[in-house]
Every structure is written in C-alpha cells, then in structure tokens.
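> I have a structure I would like to understand better, so I am pasting it below and will then ask my questions one at a time.
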Amino acid sequence: MPRHPQIKICGLTRDDQAEACVAAGADAIGLIFYSKSPRHVSDTQGARIAAAVATKAALVGVFVDAAEDEIMARVTACRLTAVQLHGQESAALVERLKNSGLTVIKALFATRPPGFARAGDYRPAAFLVECGQGDLPGGNARAWKWADAIAIDTTFPLILAGGLAPDNVNKAIAAARPAAVDVSSGVELAPGIKDMNKVRRFISEVHNCTTATPLAPVFNERRSSC
C-alpha cells in the first residue's frame, strides 16, 4: 500500500514544542547530546521533553563519538527509544546498542567519512544520509544531490537529511525515495527553537508524498494518546 515517509523533527530543546510537533504528526523527536551543537540539551531538558512526548512518538538521542556508557546513561535519564550515531562509531558499538533493545541509526555522509561506501560495514535499524559539509557533524542546512542516496548498496531503510525544508522536501523525497525524512534547521526560528508554522507545513508536504514502493517504518508506529 502506498504510504508517505515517516518524519523526524530534530534538535528540539523545549518540551512544549516537542509536544506540538508530535500533535502535528511527527513520528520521532530528536534530542542532540553533543556539547558543540547550539541545539545541545541537558539531561534535565531531555527528561522534560520525554515526559511531554511520552509514548506518542519515538525519542531519538543524537550522539557524536560518545562513549557507550555515556550513551546508555542518557538512554536511561531521558527514556530514549532510539539512538543516532553521527560520528565515526564502530560497527561493534552499533551491534552492542542494538542488543540492548535500542533502535540504532547510523549516519553516513556524501562528502566526508564515513561515506556511503561504508554502508556494508554496519547493520543498523536504518542509515541517516546527508551532505556532511559544514562546521558541525549535522544541522548545517546544506542541501545536496539527494538522488545519490538511491545508489547506496544496502537493504536497510534510509532516512534522508540535509537542507530539507517545507519548500523542497517533496522534491527530495521524489529524488531519493527514503523511508523517513529528518529536518532541523529548515523549520527553525533560531537554533533549537522551531517555527511551528514551518513544522506544520513540512509535515503536510511529506504527508502528501506517497510511494508505490513498500516502506517499512523506521520508527515504531505512534500510539494513540486517547
């Protein structure tokens, strides 16, 4: 049955906005645990957002070359259901985190390592693919040739990121046919502060995009809040 890609809104710093994103139709909320990011959240912020989201969406912690014990401490403190590894993490770490019951997403990049050719080294729940240019590991608002993602040699689902916004996400989905899309700066007023009008427009655009290709969900289906 045709369906639209799932939606992850990343870089949330406020519990009220996380709750609003889920109410608007987001399937996953991303929290960044990387101190150099302007969207970095503390354990206290993460726990508040987790309480607001509850079981209504996946809660994804984004890490960059963090130690395993640090990741697991944040999983416990913020009730994360998934982790996104956005650095040079090993395939062995991916396996250990998977064995702990987490959904594990590994980032691959078009312009820096680990590149798309490394897809065969990992067995995550999904790959997040983006450009990789800029000062930060992610969140640099860099659009790229999204169609290049189609050539990645993997059977694992792809989450498309990098320069996505309400005005171009339909074109990006048509080019790359991802299982999910990930947006942060493309729906912001300032780093970590979302423009809810843009969020709603983004979600509406994605919901209008369907594919005849079966798309297994990356994130667990959202539960009813009733």
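> Given 218, 181, which one is at pLDDT 95 or above, among the β-branched types (Val, Ile, Thr) and more than 19 Å from residue 19 (Cβ to Cβ)?
It is 181.
> Then there is this: With respect to residue 112, is the statement that it is among the basic types (Lys, Arg) and either more than 28 Å from residue 163 (Cβ to Cβ) or in contact (Cβ under 8 Å) with a residue 24 or more places away in the chain (or both) true?
Answer is no for this residue.
> With the requirement that a residue be of a type outside the set (S, T, N, Q), touching a Lys or Arg at 6+ places or on another chain (Cβ under 7 Å) and more than 25 Å from residue 93 (Cβ to Cβ), what does region 42-56 give you?
Scanning region 42-56 gives a single hit, 56.
> While we're on this one: So, in region 47-105, how many residues would count as being surrounded by fewer than 19 Cβ atoms within 10 Å (Cβ to Cβ) and touching a residue at least 40 places away in the same chain (Cβ under 8 Å)?
4
> Please give the number of the condition residue 130 fails out of (1) of a type in the set (Asp, Glu); (2) touching a strand residue (DSSP E or B) at 6+ places or on another chain (Cβ under 7 Å); (3) modelled with pLDDT of 95 or more.
The one condition residue 130 does not meet is (3).
> Restrict the check to region 121-132 and report whether at least one residue is assigned to a helix (DSSP H, G or I), over 18 Å from the mean Cα position of the chain (by Cα) and surrounded by fewer than 15 Cβ atoms within 10 Å (Cβ to Cβ).
Taking region 121-132 and keeping what is assigned to a helix (DSSP H, G or I), we get 121.
Imposing the further condition that a residue be over 18 Å from the mean Cα position of the chain (by Cα) reduces the set to 121.
Filter once more, keeping what is surrounded by fewer than 15 Cβ atoms within 10 Å (Cβ to Cβ): 121.
Yes, there is a match, as at least one residue in region 121-132 is assigned to a helix (DSSP H, G or I), over 18 Å from the mean Cα position of the chain (by Cα) and surrounded by fewer than 15 Cβ atoms within 10 Å (Cβ to Cβ).
> Moving on to the next point. Going residue by residue through region 96-105, is there one that turns out to be more than 24 Å from residue 14 (Cα to Cα) and touching an Asp or Glu at 6+ places or on another chain (Cβ under 8 Å)? Don't jump to the end; show me each part of the working.
As a first pass, look at region 96-105 and keep what is more than 24 Å from residue 14 (Cα to Cα): 96-101.
Keeping just the survivors that are touching an Asp or Glu at 6+ places or on another chain (Cβ under 8 Å) gives 96-97.
Looking for residues that are more than 24 Å from residue 14 (Cα to Cα) and touching an Asp or Glu at 6+ places or on another chain (Cβ under 8 Å), one finds at least one in region 96-105, hence yes.
> Is there any pair linking a residue in region 197-226 that is closer than 18 Å to residue 57 by Cβ and of a type in the set (Ser, Thr, Tyr) to one that is assigned to a loop (DSSP other than H, G, I, E, B) and modelled with pLDDT of 75 or more, with Cβ under 6 Å and at least six apart or on different chains, and which?
Going by the 6 Å Cβ cut-off, the qualifying pairs are 225/56.
> Related question: Checking residue 166 against (1) modelled with pLDDT of 95 or more; (2) under 15 Å from residue 130 (Cβ atoms), which single condition isn't satisfied?
(2)
> Out of the residues in region 145-166 that are touching a helix residue (DSSP H, G or I) at 6+ places or on another chain (Cβ under 8 Å) and either assigned to a strand (DSSP E or B) or of a type in the set (Asp, Glu) (or both), which is farthest from residue 199 (Cα to Cα)?
The selected residue is 153.
The values are calculated or read from the model by the stated rules, or taken from the named source; none is laboratory data. Only a predicted model underlies this, so the values are computations on that prediction, with no experimental measurement involved. All Cβ positions, even for glycine, are placed from backbone atoms using ideal geometry, and neighbour counts span all protein chains on display.
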